[in-house]
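Comments concern the structure below.
The values are calculated or read from the model by the stated rules, or taken from the named source; none is laboratory data. As the structure is a computational prediction, the values presented were derived from the model and not from experiment. Here the Cβ is made from the backbone with ideal geometry for all residues, glycine too, and neighbour counts use every protein chain on show.
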Amino acid sequence: MTFPNSVPDIRPRDRVRLVSGGSVMSVERVFVDGAVPFARCIWIGAGGSFHRAYIDMEMLELAPNEEEPESSGAAAKVDTS
């Protein structure tokens, strides 16, 4: 789904966080029927407490993928033998 203005392309199961920072959340569902698209997000807080919130999608950004290694600027060695 693509939305006008600054709304990011977010889908269920995406990892997101608030533009202002904070915990990484999982998108459970995206709602686009109303005037303002929003997402239902879930996350585990401090102490293992479960949270769920409905958040305007303009307030969210995709979170970096933990599985992808960060680029350190060093070239990788390739074995050509």
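When A39 is evaluated against the numbered criteria (1) of a type outside the set (D, E, K, R); (2) under 13 Å from R11 (Cα atoms); (3) modelled with pLDDT under 95, which criterion, by number, is the only one it fails?
(3)
Pairs, please: C-beta under 7 Å, at least 6 apart or cross-chain, first residue surrounded by 16 or more Cβ atoms within 10 Å (Cβ to Cβ) and in the stretch 39-57, second small (G, A, S) and at pLDDT below 95?
Here the result reads W43/S23, each pair linking the stretch 39-57 to a residue that is small (G, A, S) and at pLDDT below 95.
In the stretch 11-53, what residues are out of contact with any Lys or Arg (no Cβ under 8 Å at 6 or more places or on another chain), among the hydrophobic types (A, V, I, L, M, F, W, C) and either assigned to a loop (DSSP other than H, G, I, E, B) or on the phi > 0 side of the Ramachandran plot (or both)? I'd like the intermediate steps shown before the answer.
Initially, the stretch 11-53 is screened for residues out of contact with any Lys or Arg (no Cβ under 8 Å at 6 or more places or on another chain), giving 11, 13-22, 32-38, 43-51.
Subsequent filtering for residues that are among the hydrophobic types (A, V, I, L, M, F, W, C) retains 16, 18-19, 32, 35-36, 38, 43-44, 46, 50.
Those that are out of contact with any Lys or Arg (no Cβ under 8 Å at 6 or more places or on another chain), among the hydrophobic types (A, V, I, L, M, F, W, C) and either assigned to a loop (DSSP other than H, G, I, E, B) or on the phi > 0 side of the Ramachandran plot (or both): V19, V32, A35, V36.
On the given criteria, is S6 among the polar types (S, T, N, Q), in contact with an Asp or Glu (Cβ under 8 Å, 6 or more places away or on another chain) and either exposed (fewer than 10 other Cβ atoms within 10 Å of the Cβ) or modelled with pLDDT under 95 (or both)?
yes
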